Structures are given as C-alpha cells and as structure tokens.
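Written below as structure tokens is the structure these notes are about.
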Amino acid sequence: MSSLRFARVALRARPTAFRSPLQRRGYADVASDKIRLSLALPHQSIYKSTDVIQVNIPAESGEMGVLANHVPSIEQLKPGLVEVIEEAGGSKQFFLSGGFAVVQPGSQLSINAVEGFPLEDFNADAVRSQIAEAQKIASGSGSEQDKAEANIELEVLESLQAALK
Amino acid sequence: MAFAWKAAGITYNRYLAVASRAVRRSLKEDKRLQAERRGEMDLRFAKWESGRQGENKSLASANEAAMAEAASGGQQ
C-alpha cells in the first residue's frame, strides 16, 4: 500500500520538460543518414573519419554506391573514379589506382589505395602517349609478363581517359 | 574472378605497382616529379650458405624470374 503511493509520487516528480531534451539528444547521437569515410593512401590520408552522405566506388564486382547502414562487405577496387558526396552537398572525385574498400558495421567505410589524385591533377596528353606506348608493347613480341603488364597499364589508362572526358 | 595478369604469373602486389606507376606517369609535371619518387625501389639480397655470403642479387629481377616461372609452371 505504502510502496504504491511512493511510486505515484516518483512518477509525478519527473517533469515532462526535463524528459524531452534527453530524448532529442539520443536521436541526434545516431546520425543515421551519414557514413564515416576514411580514404587512405600510404603517404597521405585524404579523408579521416569524415561524415559524408554517399560514396560511389568502382568495385571489381561492379560500380556501387555506399550509403549509411550499408551491409558490411569487402570489395576489391578497379582502377577508377571514386566519387564522394559530402555533407554540404558538393561532390569530389578522385582517381584511385586500385586497392580495397571495406564497409564496416556502424556506417563506417575505409578505402585503401596506392595512389589517388583529384582529376584536375592529370595530364590528358601524358595519358594518350602512354596508351600508344602500352598498345605497342601489348601487341609486340615481348615476354608474357611484359605483355601482361602492358595490358594492366592499358586498363588503368583507358579508365583514366574515360574519366577525364 | 579470373584476371588475365594472373595467368602470366603476376602477383597482386605487382599488379598494384604497375597500375600505380601508370597513374603517377599520367600526372601533371610538378605532381609527377614528386610522386614518381614513391615508385622507386632498389633492394638487394644474398643467400647465406654454410657461413658464406652468396651472390648479391636484385630483388626486382628475382621477382620477375619467379613470376615467369609461375606462368610457365602452368598455374591456372
């Protein structure tokens, strides 16, 4: 009997004005519409746990866009264009030479690559002359390894040329 | 997934090195000069047998020979 009365008092003692800001903070903590991106090269980190809206990556299994709450996965990257759509609404594009993207639980994305530069750092003439050279080696009479390496270069350069257009 | 370069005995490490070299060479002049320094590698090794140091060999050419062997070894 007395314990019931105590419970009712406790219920009344908690003002509603105190309860609502607590709820609001819990909601904002989740920030469920953002993905935390780390884009790292051996010599530089381009993004360091930065909240972004979306990241488009050229995976070997196909182009994919990664949003918040993506299913965890590991993707090998083709040499190609990574597009980052930032919180402010703008987007940035980087050409990566190949590596891995790891989608971790809790809306985290880590991309590791060997080289990565924004598109404006590339020289279209250098790409064109390298394509001509690589084609010569690929169809020449060199060793199997030389030809395979020329074909790897062609894959990179053609992807880069398409991105520069 | 089947990659053409795997059939030629090329490792993933070498694949990435070749791809990155092509990216560095495509940069504008000022960035290229800085970046190409990252691609340089010159390592040498020697095998020690019964207390004597063997011949000094370049790691790059030893790797190339190993990849050629892997290709002709008929690995799929």
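Rule-based calculations on the coordinates, nothing more; no lab input. Just so we're clear, the structure is a prediction, and the values are computed from it rather than from any experiment. As a convention, Cβ positions derive from the backbone with ideal geometry for all residues, glycine included, and neighbour counts pool all protein chains shown.
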Kirkwood Rh, Cα atoms: Rg over Rh of segment A:26-124: 0.97
What percent antiparallel are the DSSP beta bridges of segment A:35-120, to the nearest 5? 90 percent
FRET efficiency, 1/(1 + (r/R0)^6) with R0 35 Å, evaluated for A:Ala88 and A:Ser143 via beta carbons: 0.10
Helical segments meeting 30 Å axial Cα length and Kyte-Doolittle 1.6 threshold in chain B (DSSP H): none
Is the C-alpha gyration tensor of chain B telling us rounded, prolate or oblate? Criteria: a/c under 1.5 is rounded; beyond that, a/b larger than b/c is prolate, otherwise oblate. oblate
Of A:Lys48/A:Lys78; B:Lys31/B:Lys57; A:Lys136/B:Lys28; A:Lys34/B:Lys6, those spanning more than 29 Å from alpha-carbon to alpha-carbon: B:Lys31/B:Lys57; A:Lys34/B:Lys6
Candidates per GluC sites (Glu not before Pro) in segment B:5-76, loop by DSSP, up to 16 other Cβ within 10 Å: B:Glu40, B:Glu55
Fewest first, what order do A:Glu153, A:Glu87 take by the number of other Cβ atoms within 10 Å? A:Glu87, A:Glu153
If one computes the Cα centroid of segment A:93-165 and of segment B:21-76, what distance in Å separates the two points? 19 Å
Once the in-chain neighbours fewer than 8 apart are removed, the aspartates and glutamates whose Cα is under 17 Å from A:Lys165 read A:Glu83, A:Glu120, A:Asp121, A:Asp125, A:Glu155
